[in-house]
Amino acid sequence: ILCSYRALLADWLITYAPQNPEEPLHLCFIASLHYADHVQYLLDILLQGSPNEKQQLLNGKEVTVLGKAIERCKEIEAAA
């Protein structure tokens, strides 16, 4: 799931980047800036974290909350 989020956010960063300084920022572009580092941090925990850190991540609601935020952006993207 986190790898999919990372790929989606990287795509949004390119697809919705403003083409000029006056252009308003697209919500998906803002989401990519906001969530990309956090998704990478969570992936780093899964790859290199202690067993306790991994267990906390898997038992926590952080990925679910992150997923809901990204899904809201995907809905806005589809509506546009």
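The values are calculated or read from the model by the stated rules, or taken from the named source; none is laboratory data. Remember, it's a predicted structure, so these values are computed and weren't measured experimentally. All Cβ positions, glycine included, derive from the backbone under ideal geometry; neighbour counts span all protein chains shown. Surface accessibility is based on the protein's heavy atoms, side chains included, excluding ligands, DNA and RNA. Shrake-Rupley method; radii C 1.70, N 1.55, O 1.52, S 1.80 Å.
Brief remarks follow.
- Which listed residue is aliphatic (A, V, I, L, M) and open to solvent by 70 Å² or more (accessible area, probe 1.4 Å), from ALA78, ALA69, ALA36: ALA78
- Every pair of residues 6+ apart whose Cβ atoms lie under 6 Å, when the first sits in region 55-66 and is within 12 Å of LEU43 (Cα to Cα) and open to solvent by less than 80 Å² (accessible area, probe 1.4 Å) while the second is modelled with pLDDT of 85 or more and among the hydrophobic types (A, V, I, L, M, F, W, C): LEU57/ILE45
- Across region 12-25, the number of residues qualifying as out of contact with any helix residue (DSSP H, G or I) (no Cβ under 8 Å at 6 or more places or on another chain) and either open to solvent by less than 80 Å² (accessible area, probe 1.4 Å) or within 14 Å of ALA69 (Cβ to Cβ) (or both) comes to 2.
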